[in-house]
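Asker: This is the structure, below, for whatever I ask next.
The values are calculated or read from the model by the stated rules, or taken from the named source; none is laboratory data. These figures come from a predicted structure and were not determined experimentally. Note: ideal-geometry Cβ built from the backbone for every residue, glycine included; neighbour counts use all protein chains shown. Side chains included, ligands, DNA and RNA excluded: accessible areas come from the protein's heavy atoms. Shrake-Rupley method; radii C 1.70, N 1.55, O 1.52, S 1.80 Å.
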Amino acid sequence: MTLAITPGTTTAVPAVVGADLRVPLVTGERVTYANLDHAASAPCLQEVRDAVDELLPWYASVHRGAGFASQVSTRVYEQARDRIRRFVGAHSSDTVVFTRNTTDSLNLLARSVPKNTAVVLFDSEHHAALLPWRGPNVQRVPAPSSSGAAVVALDRALAAAPVGPRLVIVTGASNVTGELWPVAALAKVARRHGARIALDAAQLAPHRPINARELGVDYIAFSGHKIYAPFGAGVLVGRADWLQQAQPYLVGGGATSKVTDHGDRLGVAWSAVPERHEAGSPNVVGVHALAAACEILSRHWEQTVAHEQELLTRLQNGLRTIPGLRELAILTDADKVGVVSFTISGFDAGFLAAALSAEYGIGVRDGAFCAHVIVGRLVKQAGAHEERAVRASIGLGTTPEHVDRLVAALRTLVTEGPKWTYAQRDGRWVPQDDNRTLPPFLA
C-alpha cells in the first residue's frame, strides 16, 4: 500500500505519480509543480501504476483468444465489471458498459433511450451531459439558486413533460463550482413522476463515495482520467433494458454474435449487453486501471475527504484575501468538493493562468470548463466582461504549500503585477522570450 503524508497535515492519503515533479520557470528557476487542475485530469495513483505494470506482461486479446494470456486478460476485464459495480453500489442486475470517458458514456445513453423520451436537465450541466440530448422533448431547466429550488424546478418540469418514457440528467458535483447537487432528493422527485435518472459522476467519483441504491439513480457515468486512472477508460453503469433494446452504439467485432452473407445484404445478430456496446478490441489496461482506482479510493474515503476539505477551507480562506476576487457559485446552500472557480476584477483569466504557470509553477484551468452556458451567466453576475474564469481544483496530490503558493502568487500579480512580459498568440496568453525547455522525451 502506497500512502503519502501531505506536508503540513497529518492525513495519509494514496500517493500519486509525479508528486515530486519539478518544472522550469521563465525566470530560470525550477520548482515543484503545484498541480491545482485535478478537476480536468487527475494524476495517476502509484498503486494504479503498479497494477498496470503487473498486468502488462499478461496483456493479450480479450474474449477472442485461446491462449493462456488471453484467458488472463479476459478474466481481468470481466472481473472489473463487478469491482466497479461494487464501487458505485449498483444492483447486481445492472449492466456495466466500458467506454472511453463520461462523454462517451452519456452519448451512448442518449443513443439508447426509447423514441420520444422526455429528457429534463439543468442548463448548468457540463457539455457532456448537456449536448447529447436534442429534439422537442428535451427541456433545459435554468440553473436554480439553491438545492431546494432545484427540487421544486425539477418537480415542475416533470409535471409538464409529455406522457411516456422520461429521463432526468443531473450532475453529482459541478464541474465549475464543485457544489454537491441534491441527487437523492432529485431522484425521489423523478421516481414520483415515473422518470429514470442518470448521474454524471465525473466530478463526484474522485471525491465522495457513491451508492446508486441509496441515491435512487438508474445510471451512473464517470471517467478514469478524473479518478486517478488516466488510461483511456470510462464506464456507464445502470439498468440494462434500454441499452439491450437499442442498436449498438458502435458496430464491429465484439458487438456481433453472428454475421451471415445473404448475397445482397448481410445478416447481423447483435450481442447482448454489455458487449453489444463495446465494439472493437477492449481497453483491458484502462479498464483494469479504472477498477484498481475504484478499490483504492474505497479503502481511503475518510482520509481522502478529510484531506480535501482541509485544503479546500485553506484555499477559500486565502482567496477571500485577494482584492477584486469573486468566487463563482450556483447553489447558495450546497457543500462542495475541492473545486473553486473565480474571477479577479481587471484581470483576464487566461493571463492569470499563464502567469501562474510561467512564474510560479502552478497549474490551474482557465476558460469556461466545457460548461459555457453556466460559466457565462456566473461570470456576468460577478461583473466580469470576458466569459472566462480561473478554476483551482484540489486532489490527492495537493499540499498546503500548493494552496499557499497560489494565494501568494495571485496576491502578488494583483498588487504588484507580473515579473514577465506576456502577449496573446492564437488566442492564448504566452510569456515572451520563453526559454523553458521541454522534457527529454519530447526533444
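Asker: I want the antiparallel fraction of DSSP beta bridges within the chain, as a percent rounded to 5.
Answerer: Here the share of antiparallel DSSP bridges comes out near 65 percent.
Asker: In Å², what does the accessible area per residue of region 42-85 work out to with a 1.4 Å probe?
Answerer: Value returned for region 42-85: 53 Å² of accessible area per residue.
Asker: Set Lys and Arg Cβ to +1 and Asp and Glu Cβ to -1, take the dipole of region 1-153 about its Cα centre, and tell me which of 35, 72, 24 lies farthest positive.
Answerer: 72
Asker: Accessible area per residue, 1.4 Å probe, Å², for region 191-324: what's the number?
Answerer: Each residue of region 191-324 exposes 40 Å² on average to a 1.4 Å probe.
Asker: Could you give the longest part of the chain that holds none of the GluC sites (Glu not before Pro) found in DSSP loops with at most 12 neighbouring Cβ atoms within 10 Å?
Answerer: 30-415
Asker: Here's something else I'd like to know. If I fit a long axis through the Cα atoms of helix 284-298 and take the longest principal axis of the Cα atoms of the chain, what angle between them do I get, 0 to 90°, rounded to 10?
Answerer: The angle comes out near 60 degrees.
Asker: Here is a further query. For region 145-214, with only Lys/Arg (+1) and Asp/Glu (-1) charged at the beta-carbon, what is the dipole magnitude about the Cα centre, in debye rounded to 20?
Answerer: 280
Asker: Per the Debye formula with a single identical scatterer at each Cα and no solvent contribution, what log10 I(q)/I(0) holds for region 263-362 at q = 0.23 Å⁻¹?
Answerer: Log10 of I(q)/I(0), two decimals: -1.23.
Asker: Also: What list of whole percents do you get for P(r) of region 45-107, with Cα-Cα distances grouped in 5 Å bins up to the one holding the largest distance?
Answerer: 4, 15, 17, 22, 23, 15, 4, 0
Asker: Another question, if that's okay. When the accessible area of region 85-199 is computed with all protein chains present and a 1.4 Å probe, what percentage of it is carbon and sulfur?
Answerer: Of all accessible area on region 85-199, carbon and sulfur atoms account for 51 percent.
Asker: List the residues of region 198-237 whose backbone N lies under 13 Å from a point placed 7 Å from the Cα of residue 302 along the Cα-to-Cβ direction.
Answerer: none
Asker: Note the full-extension length gain between residue 188 and residue 345 as 0.36 nm times their separation in residues minus their Cα-Cα distance, in nm to one decimal.
Answerer: Difference between extended and current length: 52.4 nm.
Asker: Relative to the first principal axis of the alpha-carbon coordinates of the chain, what is the inclination of helix 349-360, with its axis defined by its Cα atoms, in degrees from 0 to 90 and to the nearest 10?
Answerer: It is inclined by approximately 70 degrees.
Asker: Moving to a separate point now. Once you charge only the Cβ atoms, +1 for Lys and Arg and -1 for Asp and Glu, what is the size of the charge dipole of the chain about its Cα centre, to the nearest 20 debye?
Answerer: Dipole magnitude for the chain comes out near 1040 debye.
Asker: Now for a different question. Hey, how many Å between the Cα centroid of region 38-98 and the Cα centroid of region 380-405?
Answerer: If you average the Cα positions of each part, the centres end up 33 Å apart.
Asker: Return the loop-located trypsin sites (Lys or Arg not before Pro) in region 130-190 (DSSP other than H, G, I, E, B) with at most 13 other Cβ atoms within 10 Å of their own Cβ; answer none if there are none.
Answerer: Within region 130-190, the qualifying trypsin sites (Lys or Arg not before Pro) (loop, at most 13 other Cβ atoms within 10 Å) are 134.
Asker: What's the angle, to the nearest 10 degrees (0 to 90), between helix 183-192's Cα axis and the longest principal axis of the chain?
Answerer: 30
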